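Reading through the structure tokens given below for one structure.
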Amino acid sequence: MLLLLANAAAAQTQDTPTDGSNTPQRPTIQDQRWEENWSVLADPALQTEPLDALKYIPLSPDGQVWLSLGANARERMESVSNPNYGTPGEKSNTYLLDRTEVDADLRIYGWQAFVQLQDDRAPGKLIVTPADADRLDLEEAFLAHVGDLGDGVLKVRIGRQEFAFDQQRFVSDRDGANVRQAYDAIWVDYETPSWRIISFVSQPVQYKNDAMFDDYSDQSLQLDGFRVERRDVGPGNLAVYYLRYKRDNAKFIGASGTEQRNAFDAHYANDHGPVVFDIEAMIQEGSIGGRPALAWAFGERSGYQFGAPWSPELGLQIDAASGNTSSHGTFGTFNPLFPNAWYFSLAGLTTYANLVHVKPFFSVAPARGWMLQAALGFQWRETTNDAVYTIPVQPVPNTAGHGNLWTGAYLQLDVAKQVNANVTVGAQFVQFQAGDTIRAAGGHNVSYGEVQVSLAW
């Protein structure tokens, strides 16, 4: 739900007036801070907030060289009973997730040098994963250039950077977790009014929490891609893309070794008008330790927005992903790659692997800046031969080959409030009723709750 508010804010670009005039306006805070352009503060009339002198620091008489500083802080308290369904023996836990980020954005005659540091802590968490804690380290550091080329604009970025596609089902910046996902990459992006073509090669950053500045990337984990987007195809926008994924020492139930997957994805979405929808499908083929692999996934989220007070929306989310059906032959477990947990829920109990998921939801905006949503989720396995999986693709012990298809059902409640341009608060509650398969494996029902405050300057 917090991402719904963030996406709504991000839809307004920094160059778009909000008062209907042609007067430049202050930029809005973006999820990716490097997308903000604070050069409008060269106009003293727009310097209306404290510390604006640090948001735009001119470094040349012509105003073409300038520096902007920024910072984010997010404090989230989580309480969960029976993490990962309480298997194997995980204990109930209440803890704090603390994320602090500072950035510097230097612009020089069409060039951009951006650096962002992060410090992520998880005090009180009993089991700390690489997605939970990362003491002071380099989050992003890249050199970028934007320039006109023919009828379009060419954008190039080289260095450590974050990027995400669509609903972040498979390629994300992992904002739902405490430690965001970055990629050491070369990114080339060409855009015209109707088309966008993206090509990139990358080594996803792998996170350690042993010392400061110890995160790394290498050839043991690679993600490369090519994507084509076309605006206004019927009622929506269409994108197709190809990913090449490679990981050394991959471990799945029934397959291990070097994992190589070629992924083919199609995405079609419309976010205007009373009927909105987002549909995506991916097919993966390749091998794991020499064993051939073929897997698939599908996701859709659609809704009807009533033209009534409180802007009510009634919607339905349907997701499915293949599981492995045999200990021999082609391996079928889908790999969700780099998913964002918030797409299902922050409880992390659901992921795109051996899954069938149906989730009706209802949301309202009772006042400016407020968003409330209630949802009911129903889950099955695609095959009983494979396990129940949690985020990102962690099997629940003793579920593969046992029990029935039914996994369980959950209630999810979200509330979020954008207090002002710099402050957002929110909360999420999830109550998961585990099915017989999970219970027979020693699992239990799960209660999850979180409250968080996000600050951005």
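Are any residues in segment 146-162 in contact with an Asp or Glu (Cβ under 9 Å, 6 or more places away or on another chain) and either polar (S, T, N, Q) or touching a residue at least 40 places away in the same chain (Cβ under 8 Å) (or both), and if so, which ones?
Residues satisfying the conditions are Gly152, Arg160, Gln161, Glu162.
Against the conditions (1) of a type in the set (D, E, K, R); (2) farther than 16 Å from Ala434 by Cβ; (3) out of contact with any Pro (no Cβ under 9 Å at 6 or more places or on another chain), where does Arg381 fall short? Just the number, please.
The one condition Arg381 does not meet is (2).
List every residue pair whose Cβ atoms sit under 6 Å apart, with the two residues 6 or more apart in sequence or on different chains, where the first one lies in segment 183-196 and is surrounded by fewer than 19 Cβ atoms within 10 Å (Cβ to Cβ) and the second, anywhere, is modelled with pLDDT under 95.
Once the first residue is surrounded by fewer than 19 Cβ atoms within 10 Å (Cβ to Cβ) and sits in segment 183-196, its partners that are modelled with pLDDT under 95 give Thr192/Asp151.
Please specify each residue of segment 352-369 satisfying the condition of being assigned to a loop (DSSP other than H, G, I, E, B) and within 23 Å of Leu314 (Cβ to Cβ).
Hits for segment 352-369 are Ala365, Pro366, Ala367, Arg368, Gly369.
Pairs, please: C-beta under 8 Å, at least 6 apart or cross-chain, first residue under 30 Å from Phe334 (Cα atoms) and touching a residue at least 60 places away in the same chain (Cβ under 8 Å) and in segment 358-382, second surrounded by fewer than 17 Cβ atoms within 10 Å (Cβ to Cβ) and among the aromatic types (Phe, Trp, Tyr)?
Pairs that qualify, where the first residue is under 30 Å from Phe334 (Cα atoms) and touching a residue at least 60 places away in the same chain (Cβ under 8 Å) and the partner is surrounded by fewer than 17 Cβ atoms within 10 Å (Cβ to Cβ) and among the aromatic types (Phe, Trp, Tyr), are Gln373/Phe362.
Has segment 301-322 got any residue that is in contact (Cβ under 8 Å) with a residue 60 or more places away in the chain, out of contact with any Leu (no Cβ under 7 Å at 6 or more places or on another chain) and over 26 Å from Asp414 (Cα atoms)?
Looking for residues that are in contact (Cβ under 8 Å) with a residue 60 or more places away in the chain, out of contact with any Leu (no Cβ under 7 Å at 6 or more places or on another chain) and over 26 Å from Asp414 (Cα atoms), one finds at least one in segment 301-322, hence yes.
If Trp310 satisfies every condition in (1) farther than 24 Å from Arg174 by Cα; (2) in a strand (DSSP E or B); (3) not small (Gly, Ala, Ser) but one, which is the exception?
That leaves (2) as the condition not met.
Among the residues of segment 361-386, what is the count of those that are within 23 Å of Asn404 (Cβ to Cβ) and either among the charged types (D, E, K, R) or within 23 Å of the chain's Cα centre (by Cα) (or both)?
7
Specify which of the listed residues (Gln181, Gln219, Gln167, Gln203) is more than 25 Å from Leu349 (Cα to Cα) and part of a loop (DSSP other than H, G, I, E, B).
Gln219
Name the single residue, out of those in segment 60-78 being surrounded by 14 or more Cβ atoms within 10 Å (Cβ to Cβ) and small (Gly, Ala, Ser), that is nearest to Pro395 (Cα to Cα).
Ala73
Here are some residues: Ala308, Ala281, Ala341. Which one is surrounded by fewer than 17 Cβ atoms within 10 Å (Cβ to Cβ), at pLDDT below 95 and not polar (S, T, N, Q)?
Ala308
Sort through Leu372, Leu349 and tell me the only one that's among the hydrophobic types (A, V, I, L, M, F, W, C) and in a loop (DSSP other than H, G, I, E, B).
On the way: Leu372 fails: in a loop (DSSP other than H, G, I, E, B).
That would be Leu349, the only listed residue that is among the hydrophobic types (A, V, I, L, M, F, W, C) and in a loop (DSSP other than H, G, I, E, B).
Is there a residue in segment 284-292 that is buried (at least 18 other Cβ atoms within 10 Å of the Cβ), touching a residue at least 24 places away in the same chain (Cβ under 8 Å), in contact with a Gly (Cβ under 6 Å, 6 or more places away or on another chain) and not β-branched (Val, Ile, Thr)?
Checked against the condition, which is being buried (at least 18 other Cβ atoms within 10 Å of the Cβ), touching a residue at least 24 places away in the same chain (Cβ under 8 Å), in contact with a Gly (Cβ under 6 Å, 6 or more places away or on another chain) and not β-branched (Val, Ile, Thr), segment 284-292 yields no hits at all.
Considering each residue of segment 50-59, count those that are surrounded by 12 or more Cβ atoms within 10 Å (Cβ to Cβ) and either among the hydrophobic types (A, V, I, L, M, F, W, C) or more than 14 Å from Leu69 (Cα to Cα) (or both), and give that number.
3
For segment 427-455, name all the residues that are in contact with a Leu (Cβ under 9 Å, 6 or more places away or on another chain), in a strand (DSSP E or B) and among the β-branched types (Val, Ile, Thr).
Within segment 427-455, Val430, Val446 meet the criteria.
Quick check on segment 346-360: of everything there that is farther than 8 Å from Tyr389 by Cα and small (Gly, Ala, Ser), which residue is surrounded by the fewest Cβ atoms within 10 Å (Cβ to Cβ)?
Of everything passing the filter in segment 346-360, Gly348 is surrounded by the fewest Cβ atoms within 10 Å (Cβ to Cβ).
Regarding Gln431, is this residue without any contact (Cβ under 8 Å) to a residue 24 or more places away in the chain and within 28 Å of Leu97 (Cα to Cα)? Steps first, answer last, please.
Values: without any contact (Cβ under 8 Å) to a residue 24 or more places away in the chain: yes; within 28 Å of Leu97 (Cα to Cα): yes.
Considered against the rule, which asks whether it is without any contact (Cβ under 8 Å) to a residue 24 or more places away in the chain and within 28 Å of Leu97 (Cα to Cα), Gln431 comes out as yes.
Of Asp232, Asp319, Asp248, Asp218, which residue is crowded, with 16+ Cβ neighbours inside 10 Å and either at pLDDT 95 or above or within 30 Å of Pro397 (Cα to Cα) (or both)?
Unique residue meeting the criteria: Asp319.
Can you spot a residue in segment 267-279 that is in contact (Cβ under 8 Å) with a residue 60 or more places away in the chain, within 30 Å of Ala400 (Cβ to Cβ), part of a strand (DSSP E or B) and out of contact with any Cys (no Cβ under 9 Å at 6 or more places or on another chain)?
No, the conditions are met nowhere in segment 267-279.
The values are calculated or read from the model by the stated rules, or taken from the named source; none is laboratory data. What you see is a predicted model; the values in this text were computed from it and never measured. For neighbour counting, all protein chains shown are included, and Cβ atoms are generated from backbone atoms with ideal geometry for every residue, glycine included.
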